[in-house]
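Q: Dumping the structure here so I can ask a few things about it.
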Amino acid sequence: MFACCRAAKRLCWGKLLYIHLVQARSLSGADAVNALRPFYFAVHPDFFGQHPREREVNENSLKRLNGYLETIQKPGLRSHKPAQLTFYVRETVQNPDSDQESSREPGFRTVSFTLDSRDLLSTVLGILNSCSLSTDHVQSSSHTVGSAKSATSSFYRPIKWDKTFYSFTGYKDPEEELEQAQKTEINIISWIQSNQEVAQKKLDNSIPLREELARLRTELSDELQLSNVRWQRSWGIAHRCGQLHSLGRLIKHNCGSLKMAKGHTVIFTDRTGMSAAGHVMLGTMDVHHHWTKLFERLPSYYVLQRKLLQLQDRISHLLGGIDIVHIEELQPLLTMEEYYSVLDAFCKKLLNRRVPIHPRSLRGLQMILENDHYVPRLHEMGYFIIPAVCDPPSLQWFLLAQAPKAREKLKRKEELKIKEQELINVCKDGTSLSRLYKEPSVSFEQMISCCRRLIEEPLPNLMGMHLCVSHYYSVLQDGDLCIPWNWKS
């Protein structure tokens, strides 16, 4: 009997030890964010202002990474989808004879890795190891996180490393780096004066290509009777002309099948297929054979498109008449098959758990359905952004509670849109710009603020130039000047 008691006691202590080790190894979401600080400072898009392509890659990868971290922290998670990510990681050039950084401009390297762990600590360590960043601070903090949680469950204090840690290890202090970047903010006048000549030369060289692009776009639109030709990415003029030339050559050999695109919008993007909005997507990396097969299959998409519209109407009826929309600026460019699958799963969930919403109580409002998040939210422009996995009763409460605010935001959006266009016209006339536009990531309020300041504090002579309002300074390859919306005078 005593032997059995001793065995039971050993098992009990073993179980307690296992639980303690598991708790000590776990990380909270706040701990994970803090542990990844060196990584965020190495890949943050704000440090890639002069490299638009690398900046865009890091922005998209960070969105996917944050979605993955959010997913694996969801309670009761049994399965998840692996994430293949690519980042441009900044490298600082060190002088071998000194501990100080040399005056050379830091470069960057490409790092790709796959996340497939459901454990937050393993995921954080994998990210840091893949980017050749130190994991000492994670390893040491993970051993004490369990006891710290029990002792200070309602108190969170972020880790702040002593300056000696960076001087001893040779790693850069993120706070000093950010402070230095803030101190060396660029003055818009001096930046334009330094880059205007280069931009003017590039713009002059691009004028023949711009004229050719306009001609090709008009000819192809007329020949195929397209409603529009667009590009998903901000490719250069030469690249766009090359894509239109490729489409023109395809027309000569397969004119019959391409006529199927009549009335459609053609979008040059990263993949070939039919978009959720019913646009023809031509992948720029695909060969003509893939394009031809898509044009031949267009009639088969009409049946799927009708089913998709019926699903949207069905969901709208179940949710008080709210419009189900797909907005490319706020969502990834999905194929029609992918979007139909999301709508179908969401509609079945609503049918299984009916929610009592008056058939017309949400009419005039708009809702975006997405897969990347688990919490419904209201966009600043008045759109409801609803996760496909959202619980119907919670969704009902959220929609009805936020409906008045959503209507106010939609009304304000229309007012801001009109005000923005008025100020753009005034700015163009006052500065003699040939073109003034903004990137999609710049909000109405940001553009309005920028334009007002441009009117109050005129820039140097920019007659005939193209000015893009963005989040960073850059001279694009075709001569467009990019300035941040919150530029410093």
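Q: Please work out if E457 is surrounded by fewer than 17 Cβ atoms within 10 Å (Cβ to Cβ), charged (D, E, K, R) and over 25 Å from E328 (Cα atoms).
A: yes
Q: Shifting gears a bit: Cβ-Cβ distance below 8 Å, separation of 6 or more or different chains: which pairs start in the range 441-456 with a residue that is under 14 Å from K417 (Cα atoms) and touching a residue at least 40 places away in the same chain (Cβ under 8 Å) and end on one that is open to solvent by 40 Å² or more (accessible area, probe 1.4 Å) and acidic (D, E)?
A: S443/E380
Q: Could you tell me which numbered condition E59 fails, if it satisfies all but one of (1) open to solvent by less than 60 Å² (accessible area, probe 1.4 Å); (2) modelled with pLDDT of 80 or more?
A: The failed condition is (1).
Q: Still on this structure: State whether one or more residues within the range 328-337 are among the polar types (S, T, N, Q) and in contact with a Lys or Arg (Cβ under 9 Å, 6 or more places away or on another chain).
A: There is at least one residue in the range 328-337 that is among the polar types (S, T, N, Q) and in contact with a Lys or Arg (Cβ under 9 Å, 6 or more places away or on another chain).
Q: Do you know which residues across the range 369-378 are buried (at least 16 other Cβ atoms within 10 Å of the Cβ) and at pLDDT 85 or above?
A: Passing the criteria: L369, P376, L378.
Q: Could we say that F384 is of a type in the set (F, W, Y) and either without any contact (Cβ under 8 Å) to a residue 24 or more places away in the chain or over 27 Å from H279 (Cα atoms) (or both) here?
A: no
Q: Okay, next question. Quick one: count up the residues across the range 264-291 that are over 23 Å from the mean Cα position of the chain (by Cα), modelled with pLDDT under 90 and not in a helix (DSSP H, G or I).
A: 2
Q: Kindly evaluate S234 against the criterion of being over 19 Å from E337 (Cα atoms) and assigned to a helix (DSSP H, G or I).
A: The answer is no for S234.
Q: Consider the range 246-275. How many of its residues are touching a helix residue (DSSP H, G or I) at 6+ places or on another chain (Cβ under 6 Å), open to solvent by less than 10 Å² (accessible area, probe 1.4 Å) and under 14 Å from M336 (Cα atoms)?
A: Qualifying residue count for the region: 1.
Q: Considering A406, A388, which residue is small (G, A, S), open to solvent by less than 50 Å² (accessible area, probe 1.4 Å) and modelled with pLDDT of 90 or more?
A: Criteria check complete, one pass: A406.
Q: Identify all residues within the range 395-444 that are among the basic types (K, R), in a helix (DSSP H, G or I) and either in contact with a Ser or Thr (Cβ under 9 Å, 6 or more places away or on another chain) or closer than 17 Å to S361 by Cβ (or both); write none if there are none.
A: Answer for the range 395-444, where residues must be among the basic types (K, R), in a helix (DSSP H, G or I) and either in contact with a Ser or Thr (Cβ under 9 Å, 6 or more places away or on another chain) or closer than 17 Å to S361 by Cβ (or both): K405, R407, K428.
Q: Can you find a residue in the range 317-329 that is within 29 Å of the chain's Cα centre (by Cα), open to solvent by 80 Å² or more (accessible area, probe 1.4 Å), over 24 Å from R64 (Cα atoms) and not charged (D, E, K, R)?
A: no
Q: Right, another one. Take the range 183-231 and flag every residue that is closer than 30 Å to D46 by Cα, open to solvent by less than 80 Å² (accessible area, probe 1.4 Å) and outside any helix (DSSP H, G or I).
A: Of everything in the range 183-231, those that are closer than 30 Å to D46 by Cα, open to solvent by less than 80 Å² (accessible area, probe 1.4 Å) and outside any helix (DSSP H, G or I) turn out to be I186, N187, R230, W231.
Q: Here's a follow-up. Out of the range 306-316, which residues are out of contact with any Phe, Trp or Tyr (no Cβ under 8 Å at 6 or more places or on another chain) and open to solvent by 50 Å² or more (accessible area, probe 1.4 Å)?
A: Passing the criteria: R306, L309, Q310, D313, R314.
The values are calculated or read from the model by the stated rules, or taken from the named source; none is laboratory data. Just so it is clear, the structure is predicted and the values come from calculations on it, not from any experiment. Positions of Cβ are backbone-derived with ideal geometry, glycine not excepted, and every protein chain shown enters the neighbour counts. When the accessible area is computed, the model is the full protein with side chains, heavy atoms only, and any ligands, DNA or RNA have been set aside. Shrake-Rupley method; radii C 1.70, N 1.55, O 1.52, S 1.80 Å.
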